[in-house]
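Visitor: Sharing a structure below in structure tokens format, with a few things to ask.
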Amino acid sequence: INCLINRFLELEARVSVEMMMFLQICCFGRCTGISFIDSTCIPVCHNKRIYRNKVFRNYATRGKSTMGWYFGFKLHLICNERGEILNFMLTKANVDDRDENVFNRLTDNVFGKLFADKGYISQGLFERLFNDGINLVTGIRSNMKNKLMPLYDRIPLRKRSIIETINDELKNVAKLVHSRHRSIFNFAMNVLSAIAAYSFFEKKPAVNIDFAIEQHSRQLTLF
């Protein structure tokens with residue numbers, strides 16, 4: 001069995017181009033005008049073994065997430081309200097979520113509303129996306145002035161956890177993260193395979209925006 005697994009891993013790296021084409025044609029969803037964006041960390045080894053790691057020595061970097069410092073990469077995802085992945089980009093761990101190159105790649109075929117967390121707050125980014133026909137909607141930090149937000153923006157922003165659920169399923173179900181990689185090509189194919197596997201999940205996290213707004217309006221009326 002171990003010989004078969006090793007042979008499979010050797011052959012897997014040879015179809016990287018075909019796998020990318022398969023993702024583009026068969027696995028990605030379509031933008032509906034409501035999109036969510038987020039990033040998740042992909043550590044490749046324990047922090048205590050960073051200096052001993054040889055596979056990713058010239059590729060991975062140190063970065064910081066909500067869980068603390070790690071050594072590895074960062075996966076940027078964008079999805080629609082149906083839970084379908086629209087696009088993704090893999091970067092080093094120290095790349096900012098608001099990086100211009102990342103957004104140029106991710107928002108290539110995106111339009112309408114784009115909901116994100118507070119880490120994406122940037123006036124320059126908002127203006128750049130607005131000129132491309134994308135309205136970036138984020139929460140506000142504690143040191144910012146409170147502004148009135150339309151109900152149609154406030155409700156989807158509360159449902160932004162949909163993309164966090166996708167990240168969780170990629171890691172815990174599709175096995176996106178593990179520390180047994182023996183080459184950078186094997187790591188890249190594992191990322192592509194996890195995203196492809198998720199696209200075939202029978203049940204994906206989804207949000208019915210119109211239903212959520214209707215329920216919220218009823219609660220306000222009763223109150």
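Visitor: Taking R0 as 25 Å, what's the FRET efficiency between residue 30 and residue 123 from their Cβ-Cβ distance, rounded to 0.05?
Guide: It comes out at approximately 0.25.
Visitor: Separate question: For segment 27-222, just the Cα set please: Rg and Dmax, both in angstrom.
Guide: Both quantities, over Cα of segment 27-222: 17.9, 62 Å.
Visitor: Then there is this: Order of 91, 66, 107 from fewest to most other C-beta atoms within 10 Å?
Guide: 66, 91, 107
Visitor: Which longest uninterrupted range of the chain lacks any trypsin sites (Lys or Arg not before Pro) assigned by DSSP to a loop state (not H, G, I, E or B) and surrounded by at most 12 other Cβ atoms within 10 Å?
Guide: Longest stretch, sites excluded: 58-140.
Visitor: Taking a cut-off of 30 Å between Cα atoms, list the lysines near residue 171, but don't count ones fewer than 8 places away on the same chain.
Guide: By straight Cα distance, residue 171 reaches 48, 54, 64, 74, 92, 113, 118, 159, 203, 204.
Visitor: Name the long-range amide H neighbours of residue 135: under 5 Å, sequence gap of 5 or more, or other chain; modelled H, no Pro or chain starts.
Guide: Result for residue 135 returns 112, 113, 114.
Each reported figure results from applying straightforward, stated rules to the coordinates on display, with no laboratory input. These figures come from a predicted structure and were not determined experimentally. Here Cβ is always computed from backbone atoms with ideal geometry, including for glycine, and neighbour counts include all displayed protein chains.
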